[in-house]
Structures are given as structure tokens and as C-alpha cells.
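Right, one structure below, let's go through it.
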Amino acid sequence: MATLGGARPWYLEDQSIGGILIFTEDITQQKEAEREMRIAAKAFETRQAMIITDDAQRILRVNRAFCETTGYQPEEVIGRTPTLLKSGRHDADFYRALWQQLNQHGEWQGEIWNRRKNGQIYPGWLHISNVVDDQGRVSHYIGAFDDISEHKQAEAQIHSLSYFDVLTKLPNRRLFIDRLQQALLGSARSLQFGAVFFIDLDDFSALNDTQGHDVGDQVLIEVSRQLLAAVASDDTVARLGSDEFVVVIEHLGSRSDAALVEANRAGERLLAAIRQPIRLNGSDFVITGSMGISLFDGATDRVSDLLKRADAAMVQVKKIGRNCLHFFDQDMQLALEQRVELEALLRNAIPEQLRLHCQPQLDAEGQIVAAEVLVRWQDPHKGLISPAQFIPLAEASGLILPMGQWIVHTACEQLARWRQVPMLQRLSLSVNVSPKQFQQANFVQQVLEAISATGADPTRLKLEITESLLFDDLERVTETMAQLKSHGIRFSLDDFGTGFSSLSYLKQLPVDELKIDQSFVRSLETDDSDAAIVRTIITLGQSLGVEVIAEGVETEIARDLLIAQGCYRFQGFYFAKPMPLEELERWTNRRLRHVQPPARARSSLPFSSSG
């Protein structure tokens with residue numbers, strides 16, 4: 001026990017000393033408080049930054065470590081709140097959760113990003129605790145934090161060494177495997193093909209032996225940069241080791257043939273990037289690569305299998321001469337080679353080897369009122385090539401643009417010739433327009449120039465567009481249609497019912513005709529669901545005041561069912577197959593002279609044979 005005491009004399013009446021008074025005071029608690037204050041003051045001045053605020057979060061005191069960490073002096077922060085340290089990296093939800101934890105449990109700790117006086121943002125580990133008074137109310141807050149920048153840097157370095165190649169900074173095998181696994185999952189969800197490109201640099205060991213490993217390392221770094229520049233930001237380029245690189249490209253399309261073409265183009269682009277001269281120490285180095293490609297769809301493929309297949313295809317390239325690419329699947333490789341050959345032939349075939357065929361469109365009285373233009377390719381060596389082969393190829397390669405322009409111009413020439421023939425001048429021609437063709441900035445000009453140059457009647461030209469066109473820019477599509485409509489050109493919405501099929505866009509589009517897709521018409525007699533869809537489309541067309549035509553009509557029963565539901569325009573093999581223009585003219589002349597209205601038709605039908 002600690003005491004504080006004193007003594008004084010006790011006097012008698014005669015002023016003589018009668019005794020001595022001794023008094024003492026127990027100051028144990030005071031001494032203990034002083035000791036605690038010295039300890040607290042010593043603890044406050046530790047290497048950990050500390051801050052004390054009142055219950056309103058106004059800063060009362062900071063220690064030396066706080067000043068060293070933040071750059072602020074005590075007089076710059078006392079009286080202010082800790083919000084001056086905010087970095088801006090945390091949202092309101094972060095601080096809301098912090099205060100909820102602090103109020104409920106009396107303390108909070110975690111990682112936080114703060115800002116120094118000079119504006120530098122740094123990571124810290126912060127612990128905040130409440131101080132409560134005798135009544136249990138919060139009187140102060142004490143915060144203690146450490147600058148963990150070095151720790152975060154070390155953590156990032158460890159992560160980099162674990163997942164990235166030290167030399168090129170590209171993902172290493174470990175991270176690549178994870179990225180490829182994610183790509184497979186994404187492919188399965190989106191139903192889109194992707195591809196793995198396995199690349200081995202040709203004769204790289206010879207470069208190392210003759211120029212030294214320093215030059216070899218620089219070449220690897222430059223090749224890495226060139227590969228990254230040749231792909232999109234969300235594609236993956238990785239280095240597996242030595243001179244082996246691997247690339248993963250996603251979203252190559254939902255069809256295998258189209259994905260094959262896109263993968264081939266991407267592979268050629270990557271090889272071209274590798275072949276770019278690399279200038280080092282005043283000398284240019286040109287290096288090439290051998291590439292194996294393996295497509296994936298995410299449904300059945302495994303990471304290990306994909307790598308093995310792409311590697312095997314790359315080895316095959318080494319055997320056949322290097323500096324090129326090869327697909328793992330021999331059928332794919334053969335299909336690619338055939339497609340590349342076909343594209344080269346098609347490029348030279350436009351327009352000399354193209355021919356227009358037409359399929360008649362008839363009304364309920366059996367009279368021809370129009371025809372759909374269909375393009376055919378007559379190769380001098382391969383014979384007649386199916387549109388199913390070359391139209392997707394033309395779309396993918398961009399050749400659909402010159403082809404489409406030629407088709408429109410040739411159709412207008414035909415309309416101009418028919419204009420001089422009384423029996424044919426009332427016929428219309430429907431021309432399919434590719435979305436790529438329609439989206440050209442000068443598409444309106446192209447069509448109007450074709451009409452002007454040929455003298456065709458624009459009211460006899462009908463452009464068929466598909467619903468897929470409407471996904472891109474409905475406002476622009478509507479504007480383009482309106483411009484052409486102002487010149488008398490009409491529009492048909494092809495394959496209706498298979499795509500977007502939204503009433504909201506139908507109200508905006510200036511269409512003249514809805515074309516029921518043949519997939520519904522062909523099963524009209526046997527499938528109640530398809531029959532219901534057909535009835536709905538016919539009713540929709542009637543309510544909107546537009547014509548409805550059914551394609552794919554192959555039987556008399558189907559025609560009669562359509563008439564019963566109110567559809568009076570037809571196209572299909574029941575009436576005629578597609579035929580050359582010259583044959584169509586002869587067929588039309590015979591039809592106009594000899595055809596009689598079917599027994600089920602009525603002269604009072606809404607659409608007459610005048611077209």
C-alpha cells in the first residue's frame with residue numbers, strides 16, 4: 001500500500017508541546033492511475049498508428065506513428081474526422097457494414113484502403129474499438145492501424161510467381177488451365193464454340209545457340225507482346241514453357257462450320273503476328289511458329305483432352321513443313337481446306353457464274369402474283385453448287401455484299417423487262433437482303449441506283465428481311481425502310497415466327513407482308529401447336545393490315561387449311577420448284593392462259609389476282 005503522510009506538534013494551553021499529531025493518506029489508487037497513464041502513454045507511442053476520437057468521431061489525439069504513416073501533423077487533424085483519410089475505393093455498403101459491426105460488438109477489424117496527405121493510396125489493417133462510460137454509453141473511439149503495403153506487395157509477388165511466367169508476364173500453365181476451364185463452362189452456357197491454339201516457335205533452339213539466351217529471352221518477350229496485340233482483351237495468351245505458347249479464343253459462333261472458319265482466321269492472324277520482324281541490338285530477327293488448333297463446345301470436352309489434341313495437331317504441322325496451322329480433327333482439316341478452296345472460287349465467281357432462279361408465289365385463285373429471287377452458283381467444273389454451301393460462306397467472308405448488290409441490280413433488270421410485257425408487268429419480285437447488306441451506310445443509295453439505272457418499277461420490288469436484323473438497331477432499320485418505302489419499295493418479314501416475333505417492333509416497322517416460316521407450314525396438318533402458331537400469325541397480319549404469305553406449301557390439304565384460316569398467298573413445291581428466269585416466264589405464260597381457280601377458292605376472297 002502506498003501512503004502520503006505528515007506530522008505537526010500538538011500545543012497545550014501554556015503553549016508547550018503536548019504531543020505530535022501524525023496523519024497519513026492512502027494514495028494507492030492514485031499511484032496505480034499514474035502508473036497506468038505512463039503505460040498508456042508509452043503504448044500510445046508505439047510503431048502502430050493510433051487515433052482517438054470522441055463520440056462524434058472528432059479527432060482528439062494521434063500518435064507519432066500516425067503522423068509518419070499519413071503525413072499529417074497533429075494540428076492538421078485534431079478536431080477533424082477520420083474521413084479525411086478516405087481513399088474513395090470503398091462504397092457506402094462497406095462503411096455501413098463496418099459501423100454495424102462496431103455498434104453491435106464494440107470493435108471492428110479488417111483491411112482498408114486509406115489516402116496519405118500527399119494523395120497516395122495505401123492498404124492498411126485497421127482495428128477500431130469503442131470506449132464506454134459508467135452508463136454504458138460510447139464516449140470515445142480508438143483506432144489502431146498498420147501500413148501493409150509491403151505485405152500486399154509480397155502477396156502480389158507470390159501470386160505472380162504462382163500464376164504468371166516470370167519472363168513474359170503471361171499466365172503460366174497453372175493459370176491457363178483455370179482460364180481454359182472457365183472458357184469451357186462459358187461455352188456450355190452460351191452454346192458458342194471456342195478454340196485452343198497450341199504454338200511452338202520454329203527453330204528457337206538454334207536462335208538460342210547462335211545468338212545467346214539474352215537475345216532468345218528478348219524474342220520471347222516480343223513474341224508475347226505480338227500475340228497479345230493479335231487477340232481481344234478477354235482472350236487468353238499463356239506461355240507453357242520454353243518456346244511454347246497457347247491461346248484460348250471464345251465466342252467463335254454457334255455453328256461448327258462458321259467456328260471453323262473463324263478459328264482459321266484467328267490462327268492465321270496469330271501466325272502473322274509472330275512473323276513480324278523483331279529488332280534487337282540493331283538487327284532484325286524473323287521467327288515463325290507451328291500451330292495446332294482444337295475446337296471446343298464446352299459440352300463434352302475436357303481441358304486435358306483439348307491440350308493433347310492441340311499439341312498433336314501442332315506436331316503434325318512440324319512434320320508437314322512448319323510455319324502453318326493444322327486442326328486436330330482430320331475431318332475438320334479437310335472441311336477447312338475445302339471451304340478455303342470454295343471461298344477462293346466464289347470470290348472469282350461473282351457475278352459471272354451466278355444465276356438467278358425464281359420460285360412463284362400464287363394467290364388463292366391459283367394465279368401467279370410474284371416470285372422470290374433465289375441465287376444459284378453454276379461452277380464450270382463443280383457444276384451447280386447448293387446455296388446451303390456458299391451462302392453461309394458468303395456471309396462469313398463478306399462476299400455477300402457484292403453478291404447482294406448484283407442480285408438487286410439483276411432483279412431490277414428483270415422487272416424492267418417484264419414492264420414491257422403485258423402479261424408479266426404486274427408481277428413482283430421478292431429479293432432476300434442479308435443483314436450485313438442492309439446495314440451498309442449506302443444501302444438505300446445502292447437500291448435506288450439499281451432502279452434508276454434499269455428503269456424498274458419500284459412498286460414491284462419487294463425486299464425480304466429477317467427478324468435477326470432487328471436485334472442490332474431497330475431505329476436505324478426502321479429509318480432505312482422508311483426511306484425506301486417513300487420510293488414505293490415494299491418489305492416482307494421473312495421466316496416470321498422463328499425469331500424475335502415481338503408485337504412492339506411490328507408496330508414500328510413499315511412492313512407490307514409477313515412470311516410464315518416453312519417449318520410451321522410443313523407440319524400444319526399433323527402438329528396442333530404449329531397450326532395454332534399459323535392461325536396466330538394470320539390473325540396478327542389481318543389486325544395490322546398487312547398481307548400474309550405461307551412458304552413451304554407442299555400439299556393441297558395444307559393450301560386449303562391456310563385458305564380456311566384466311567391466308568391467301570402461297571409459295572412451295574405444291575405449285576412449283578425454283579426455276580431459271582427464262583423458264584419462269586414460260587411457266588407464267590402457260591399458267592396465265594390455262595389455270596382455273598380451285599374449287600375451294602371463291603371470287604370474293606379478300607386478295608384478287610391483280611397482285
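The values are calculated or read from the model by the stated rules, or taken from the named source; none is laboratory data. Everything quoted here is computed from the prediction, not taken from an experiment. Don't worry about glycine lacking a Cβ; one is built from the backbone with ideal geometry, like all the others, and counts go over all protein chains shown. For accessibility, only protein heavy atoms count, side chains too; no ligands or nucleic acids. Shrake-Rupley method; radii C 1.70, N 1.55, O 1.52, S 1.80 Å.
At 7 Å along Cα-to-Cβ for each site, give me the label-to-label distance between C67 and A344 in nm.
Taking the two extended label points, one gets 8.0 nm.
Using only the alpha-carbon atoms of region 322-419 as identical scatterers, what base-10 log of I(q)/I(0) does the Debye formula give at q = 0.13, 0.14, 0.23 Å⁻¹?
Reported log10 I(q)/I(0), two decimals: -0.59, -0.65, -1.21.
With each label point set 7 Å from Cα along the Cα-Cβ vector, what nm distance links S523 and D146?
6.8
Bin by bin, in steps of 10 Å, what percent of the Cα pairs in region 204-260 do you find, going until the bin that has the longest distance?
Going from the shortest bin to the longest, the percentages are 20, 38, 26, 13, 3.
What is the sum of charges around D133, taking Lys and Arg as +1, Asp and Glu as -1, for the other residues whose C-beta is under 14 Å from the C-beta of D133? Write down the numbers at each step before the final one.
Working: positive: R137; negative: D54, D55, D134.
Taking every Cβ under 14 Å from that of D133, the sum is -2.
What's the Kirkwood radius of region 264-338 in Å, using all Cα pairs? Working shown, then result.
Numbers: mean 1/r = 0.0737 Å⁻¹.
Mean inverse Cα-Cα distance, inverted, gives 13.6 Å.
Quick one: with all protein chains in place, what share of the accessible area of region 369-494 is carbon or sulfur, to the nearest percent (1.4 Å probe)?
Result for region 369-494: 52 percent of the exposed heavy-atom area is carbon or sulfur.
Compute the FRET efficiency between Y95 and A312 as 1/(1 + (r/R0)^6), taking r as their Cβ-Cβ distance and R0 = 41 Å, and round to the nearest 0.05.
0.15
Dipole of the chain (Lys/Arg Cβ +1, Asp/Glu Cβ -1, origin at the Cα centre): which of I17, S242, L98 lies farthest to the positive side?
Positive-end residue among those listed: S242.
Please pull out the direction-averaged projected area of region 172-292, using the convex hull of its alpha-carbon atoms, in nm² to one decimal place. Numbers along the way, then the final one.
Details: hull surface 29.3 nm².
With every direction weighted equally, the projected area is 7.3 nm².
Rank R376, R64 by accessible area, highest first, at a 1.4 Å probe radius?
Details: R376 40, R64 145 Å².
Final ranking, largest accessible area leading: R64, R376.
Tell me whether region 314-379 comes out rounded, prolate or oblate; compute the Cα gyration tensor, take square roots of the eigenvalues as a ≥ b ≥ c, and use a/c under 1.5 as the rounded threshold.
Numbers: a/c = 7.35, a/b = 3.07, b/c = 2.40.
It is prolate, given that a/c is not under 1.5 and a/b is the larger ratio.
Grab the eigenvalues of the alpha-carbon gyration tensor for region 63-150, scale each by 5, take roots, and send me the semi-axes largest first in whole angstrom. Each step should come with its number before you reach the end.
Numbers: eigenvalues 104, 56, 27 Å².
Ellipsoid semi-axes (Å, largest first): 23, 17, 12.
What is the packing order of peptides 118-125, 561-568, 442-449, 456-463, taking the mean over residues of other C-beta atoms within 10 Å and listing the highest first?
Values: 118-125: 13.8, 561-568: 18.9, 442-449: 16.5, 456-463: 20.4.
Highest to lowest by the protection proxy: 456-463, 561-568, 442-449, 118-125.
Rank by packing, highest mean first: peptides 265-274, 538-547, with packing defined as the count of other Cβ atoms within 10 Å averaged across residues. Can you show the working numbers first?
Details: 265-274: 17.6, 538-547: 15.5.
Top to bottom by mean Cβ count within 10 Å: 265-274, 538-547.
Mind giving me the FRET efficiency for D473 and Q135? R0 is 56 Å, r the Cβ-Cβ distance, nearest 0.05 is fine. Display every interim value, and only then the final one.
Details: r = 67 Å, r/R0 = 1.20.
Efficiency, from the Cβ-Cβ distance: 0.25.
Write down the accessible area per residue of the chain in Å², having rolled a 1.4 Å probe over the full set of protein chains.
Working: 31850 Å² over 611 residues.
Per residue, the chain has an accessible area of 52 Å².
Rounded to the nearest 0.05, what FRET efficiency do E554 and K485 give with R0 = 30 Å and r taken as the Cβ-Cβ distance? Could you check?
Working: r = 33 Å, r/R0 = 1.09.
Efficiency at R0 = 30 Å is approximately 0.35.
Taking the Cα atoms of the chain, what is the range of coordinates along each of the three principal axes, in descending order and whole Å?
For the chain, the Cα extents along the three principal axes come out at 164, 74, 46 Å.
Once you have the alpha carbon radius of gyration of region 381-464, what is it after dividing by 2.2 N^0.38 Å, with N set to its residue count? Intermediate results must be reported in sequence, preceding the final value.
Details: Rg = 14.1 Å, N = 84, 2.2 N^0.38 = 11.8 Å.
That works out to 1.19 for region 381-464.
Using a Cα-Cα cut-off of under 27 Å, which lysines could be cross-linked to K86, ignoring same-chain neighbours fewer than 8 residues away?
K117, K152
If I compute solvent accessible area with a 1.4 Å probe over the protein chains, what percent of it on region 106-181 is carbon and sulfur? Kindly include the intermediate steps, with their values, before the conclusion.
Details: 2320 of 4560 Å².
Reported share for carbon and sulfur atoms: 51 percent.
For region 368-427, calculate the relative contact order in percent as a whole number, restricting contacts to Cα pairs under 8 Å that are 6 or more residues apart. Intermediate values should be presented prior to the final figure.
Working: 28 pairs, mean separation 18.8, N = 60.
So the answer I get is 31 percent.
If the reach is capped at under 16 angstrom between alpha carbons, list the lysines near K462, excluding any in the same chain fewer than eight residues apart.
In chain and number order, the partners are K485, K515.
On a 1.4 Å probe surface of the protein chains, which of E372, E75, E262, E365 comes out largest in accessible area, and what is the full order? Mind dumping the intermediate values first?
Values: E372 15, E75 140, E262 70, E365 35 Å².
Order by accessible area, largest first: E75, E262, E365, E372.
Rounded to the nearest 500, what is the 222 nm mean residue ellipticity of the chain from helices alone, with -39500 (n - 2.57) per DSSP H run of 4+ residues and division by all residues?
Values: 21 runs with 264 residues, N = 611.
Using -39500 (n - 2.57) per qualifying helix, the result is -13500 deg cm²/dmol.
For region 364-505, what D do you get in µm² per second when you plug the Kirkwood radius from alpha-carbon pairs into Stokes-Einstein at 10 °C and 1.306 mPa s? Please list the in-between numbers first.
Numbers: Rh = 16.3 Å.
In µm²/s, the coefficient is 98.
If each residue of separation counts as 0.36 nm, what is the full-extension length gain between F573 and E13 once their alpha-carbon separation is subtracted? Can you show the working numbers first?
Numbers: separation 560, 0.36 × 560 = 201.60 nm, distance 14.71 nm.
Roughly 186.9 nm would be gained on extension.
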